[in-house]
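Every read-out reported here was derived from the displayed coordinates using simple, explicitly stated rules and does not represent laboratory data. Note that this is a predicted model, so its numbers are computed, not measured. Using ideal geometry, Cβ is built from the backbone for each residue, glycine included, and neighbour counts are taken over all protein chains shown.
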Amino acid sequence: MMTVLIVSQGLLFAAIVALVLVVLALARQIGILHERIAPIGQQNPQRGLEVGQPVPRITMRTLDGTPFPVGERLPAGTIRMLLFVGADCPVCKRVLPIALDVARERGLDPVLVGDGAPPELAAMRDRLALPDIPFVTGVELGLVLQVNRLPTLVLLDDNGTILARDVVNTRRQVEALLPTVASRPAAA
């Protein structure tokens, strides 16, 4: 009789240990899912430069260290798309290919503005295979535009004037910023 009691207690203890391990595994998965779906809804950006205002000329640095001017005059008819992204932003990783696809379809000039450490941003660029797209770093442009949430998309005309800006999370939100921009064939 005592043997049955000892065996049953051992099995109960093993079951409790197994349940604790299952709860820890589920907690980890919930954390991963929470990171993947964070923030999905429409978000309002803080006020910085408004639509219609020119961006001051700022010289940023690419991940390779070369100077990259923003806010200067571009060839006539060029629309520059600035997409503010972060290496640790899961929504940015999802929106980035969508925004670049829309830029290609509309003939826009995409520029990625990274928030974070250059090695992490370089790893992101390499992981997403973006060697031909300018990827600049620096906080100056984000401060001027008051970018406080990622990913934020800003469209500039050939004079460096802001045509549109907003936080984007989906293809619909990216395309909603473009009705004033006429479709042009993608650059060859």
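Can you tell me how many residues within the stretch 106-139 are out of contact with any strand residue (DSSP E or B) (no Cβ under 6 Å at 6 or more places or on another chain), basic (Lys, Arg) and farther than 21 Å from residue 175 by Cα? Count: 1. Residues in the stretch 62-71 that are assigned to a loop (DSSP other than H, G, I, E, B) and buried (at least 16 other Cβ atoms within 10 Å of the Cβ): 63, 71.
Residue 119 meets all of the listed conditions (1) free of Cβ contacts under 8 Å to residues at least 12 places away in the same chain; (2) under 25 Å from residue 52 (Cβ atoms) but one, namely (2).
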